[in-house]
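What follows draws every value from the coordinates through simple rules; no lab data is involved. In this text the structure is predicted, and so the values were computed from the model without any measurement. Neighbour counts are summed over all protein chains in view; Cβ atoms, including those assigned to glycine, are modelled from backbone coordinates with ideal geometry.
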Amino acid sequence: MKFAFKSLAVAAALVAAGVANAAVVTAVPGTTLEIKDDARGAASTGRTAAITITTATGSLYFSHGYGDSTITPAATQTAGPAGLIGALNVGKVAVTAIDGATKDEQSRTVGRFNTNTRAVVGVNATVTGLTADTATGAFSTVTTRGGATQTAYYLDGVLDGGIATVNNLSLDISDANNVKVPGNLVGTALINGAASAADAPEYGPQQTYSGVIWDQAKISGPTSLPPAELIAAADGDIAPLQARGYTLLGTDSVVVNGQTMTRYTVQANNLITNLQVTGAGFNAFASTLGLTEGGTGYNTLAGVNGTGGWGVMKAAITFQAYEVPPAIPEPSTYAMMLLGLAGIGLVARRRAAK
């Protein structure tokens, strides 16, 4: 889901780098953080950088459709949709974005009978928080708001029907080779076999699952932003960030404490692949959508893990960095300081005279 993932890596690291005496911190897009270069011991410059996360976007695209080779390899886009999209097509499951998320759904003509088939399904959600370690700048979790509802009606031999809503996903990316995606899944199965909304469907009791829905995924792209590199970027040296995988989008000027500083706009892009549904997550989907164990719908959905997982997450995060020079006191401040010093000197002389 569109995870305003806004380059999870960046935001998280930024936050992490700048809070004194904290092991882990969380930041949100739009937050400006000042990070002092005091974590390098004798090599510390004592200078300060300001980091602002300007945008954060993320998307969850279901496997395996068409149009984007990062989601489905081009070589496999010659047959009809497979993976989760194929399973949704078999069960005629409708997908609706909720809680501010948006949906990207596209169809394509496939097969020798020129069948118009749903070939792309993606959901874009909002990133609400990015968490990272303050010492290393490595990000560990990303939280989102928004999600999707899947609705299905009775289909003979496939499913009994129901509603399954997934939202409030978070990403545990502390292990790049075993990314976990906890979230909430709430739904209810049909109990009267309605074939459509026009048949006045009757739903059973609400079912709720909160826990890891997918795991074993892998993440590529920048996954950390050390404090020293943040300072270096703000000071004009973006080579360390570029070497880590970040992209320079441009520069402009900003006036800080009366001085004109160069501001750098940088972006990180991440890709999470091979989302494998957990046993508990699968049971929650099967229960709320009315899938009978051993049936066509159940077996089709159960086979998605073996065809590359349930989907791919794409994220992009953009931030700005610039150096914060020391504030220059106003003339009136200097005057007050001189008066204060003069006063102290006068008192000292009077005491000496006594």
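Set the Förster radius R0 to 25 Å, insert the Cβ-Cβ distance between Ile328 and Ala243 as r into 1/(1 + (r/R0)^6), and round the FRET efficiency to 0.05. Present the calculation step by step, with values, prior to reporting the outcome.
On the way: r = 35 Å, r/R0 = 1.39.
That gives a FRET efficiency of 0.10.
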How much length, in nm to one decimal, is gained on full extension between Thr55 and Val212, taken as 0.36 nm per residue of separation minus their Cα-Cα distance?
53.8 nm
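If you stretched the chain out fully between Asp252 and Thr31, how much longer would it get, using 0.36 nm times the residue separation minus the C-alpha to C-alpha distance?
77.6 nm
Evaluate E = 1/(1 + (r/R0)^6) for Asn116 and Leu271, where r is the Cβ-Cβ distance and R0 equals 30 Å; express this FRET efficiency to the nearest 0.05. Numbers along the way, then the final one.
Working: r = 29 Å, r/R0 = 0.97.
That pair, Asn116 with Leu271, gives E of 0.55.
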With T = 10 °C, eta = 1.306 mPa s and Kirkwood Rh from C-alpha pairs, the Stokes-Einstein D of the range 237-318 in µm²/s is about 94 µm²/s
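Just want the ordering: Ile163, Ile238, Ile272, from fewest to most Cβ atoms lying within 10 Å of their own Cβ.
Numbers: Ile163 22, Ile238 19, Ile272 28.
The fewest-first ordering by Cβ neighbours comes to Ile238, Ile163, Ile272.
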For a quick check: sort Phe285, Phe62, Phe139 by the number of other beta carbons within 10 angstrom, fewest at the front.
Phe285, Phe62, Phe139
